[in-house]
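Reading through the structure tokens given below for one structure.
The values are calculated or read from the model by the stated rules, or taken from the named source; none is laboratory data. As the structure is a prediction and not an experimental result, all values here were calculated from the model. Every residue, glycine among them, receives a Cβ derived from its backbone with ideal geometry; neighbour counts consider all protein chains shown.
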Amino acid sequence: MFVVGGGPAGLVAAAEAAKAGAEVEVFEEDREVGLPDHCAGLVSSSGLEAITQSRSFVVGKIKGARIFSPDGRRYEAKGPGVKAFVIDRPKFDMEMLRAAERAGVRINLGTRWEGGCDGRVLIIAEGTKARVSRKMGLRPPASIPAAQVDVATDAFDGDMAEIHTGGWAPGFFAWVVPRGEQARVGLASYRGVPLELLNRMLEKNQYISSKVRGARRSAPIFGKVVVGGPLRKAAGKEYIAIGDAGGFVKPTTGGGVVLGCLIAKIAGRVAAEALEGKAALASFEREWKKGFGRDFTAMKLAAKVFSNMRAQEIEGALRCLDNEGLLGAAIGYDMDLQGAVVSKAARSGAVRYALIPLLRSIL
Ligand SMILES: Cc1cc2nc3c(=O)[nH]c(=O)nc-3n(C[C@H](O)[C@H](O)[C@H](O)COP(=O)(O)OP(=O)(O)OC[C@H]3O[C@@H](n4cnc5c(N)ncnc54)[C@H](O)[C@@H]3O)c2cc1C
């Protein structure tokens, strides 16, 4: 069995299949895994626990989030314990590679997969590049462009992630993720040029600019955030598309490490069973939907509504959620399986700010 892509999804699927007795080879076109490092690195502590026990790649511990409304009003959700980790992705990916090797997977670095399936079982974990997917006739999940920069500053609270909504990042949001002596500041957006929007925010957002002024900045980091949700059919007769390639990314936040890896485990197991003739690859669809289907449906709807909200609607919805105590309580909800928090918000007064954006998204 072959796996295209040595990112977290490909490596976790490969390890799982090898543990189930399959002979597995991974093809990674780069000479090192995890590079270029285009990820903000924020992962839930509960999700990470389900993937690995190692913490060698953790560079920050997050207890909550600060959400800024389009007008700059601040809301906060913070708990006593660690809710999320900030991870160094190259180190994390290396850890996943070592785990795959320990499970007996053969890894080919610096080797691009150029073919299709050609009668073999193929796991497509090529991220957003979509060259193999297109060859197989798959339409890649929708994504939006992102830009980030590392700023040498410890002026942001080290245990809080920040979300900035409104015109700074039309349709999506901007973020600040502290990582020790640095902060990774970035945004993704449906409209405009991300790097221009990011530079504008760094200069014109008074709260951010006061914290980053004069600080050394890295070269910009670019990437594509997957927002389209899972492919309608991620498994064919000879392949399974996983991770970003399969759309297994939270459409609400663009976070794909945890769910990508958890669903990759299912893909690895199903692929190993298929090789033994015990299951069809298509059973992957049923399997991932059993654990994650409802949450993805809810998150996709919430993201669709949010991307169509105007500034005053976001303003009103945040105020309402805060008045009803939902923003503060959000810290108690699962960061990855967001179906429950979405349904709670849908039953709150904030829903009146979502109806017109919902109509807009349909029209
Ligand atoms: C700006 C930004 C910020 C993000 N922040 C977060 C975050 O804070 N938390 C979070 O959980 N997620 C975040 N994500 C999402 C996260 O980075 C992805 O969901 C995750 O990396 C997906 O893993 P993957 O294994 O599917 O793909 P990738 O990590 O993209 O790995 C795919 C690999 O396949 C290789 N490849 C592609 N084609 C071929 C080929 N033909 N042959 C051989 N190799 C090939 C590539 O070189 C690459 O190494 C962010 C994404 C972006 C763009």
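Here are 127, 72, 166, 64: which of them is out of contact with any Asp or Glu (no Cβ under 8 Å at 6 or more places or on another chain), at pLDDT 95 or above and within 29 Å of residue 202 (Cβ to Cβ)? Don't jump to the end; show me each part of the working.
Details: 127 fails: out of contact with any Asp or Glu (no Cβ under 8 Å at 6 or more places or on another chain); 166 fails: out of contact with any Asp or Glu (no Cβ under 8 Å at 6 or more places or on another chain); 64 fails: out of contact with any Asp or Glu (no Cβ under 8 Å at 6 or more places or on another chain).
The match here is 72.
Quick one: which residue in 319, 269, 286 is surrounded by fewer than 21 Cβ atoms within 10 Å (Cβ to Cβ), closer than 24 Å to residue 70 by Cβ and more than 14 Å from the ligand (Cβ to nearest atom)?
So the residue among 319, 269, 286 that is surrounded by fewer than 21 Cβ atoms within 10 Å (Cβ to Cβ), closer than 24 Å to residue 70 by Cβ and more than 14 Å from the ligand (Cβ to nearest atom) is 319.
Evaluate the following for residue 134: is it outside any loop (DSSP other than H, G, I, E, B), assigned by TED's automatic domain parsing to the domain that holds residue 277, surrounded by fewer than 16 Cβ atoms within 10 Å (Cβ to Cβ) and more than 9 Å from the ligand (Cβ to nearest atom)?
yes
Per-residue answers, yes or no, for (1) closer than 17 Å to residue 1 by Cα; (2) within 12 Å of the chain's Cα centre (by Cα); (3) assigned by TED's automatic domain parsing to the domain that holds residue 39:
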position: 258; (1), (2), (3): no, yes, yes
position: 261; (1), (2), (3): no, yes, yes
position: 267; (1), (2), (3): yes, no, yes
position: 276; (1), (2), (3): yes, no, yes
position: 287; (1), (2), (3): no, no, yes
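Are any residues in segment 184-208 touching a helix residue (DSSP H, G or I) at 6+ places or on another chain (Cβ under 8 Å) and touching a residue at least 24 places away in the same chain (Cβ under 8 Å), and if so, which ones?
Hits for segment 184-208 are 185, 186, 187, 188, 189, 190, 201, 202, 208.
With the structure loaded, tell me whether residue 48 is surrounded by 21 or more Cβ atoms within 10 Å (Cβ to Cβ), among the aliphatic types (A, V, I, L, M), within 12 Å of residue 94 (Cα to Cα) and more than 6 Å from the ligand (Cβ to nearest atom) or whether it fails that test.
When the stated conditions are applied, residue 48 does not pass them.
For segment 234-257: of the residues being buried (at least 24 other Cβ atoms within 10 Å of the Cβ) and among the charged types (D, E, K, R), which is farthest from the ligand (Cβ to nearest atom)?
Filtering first and then ranking leaves 250.
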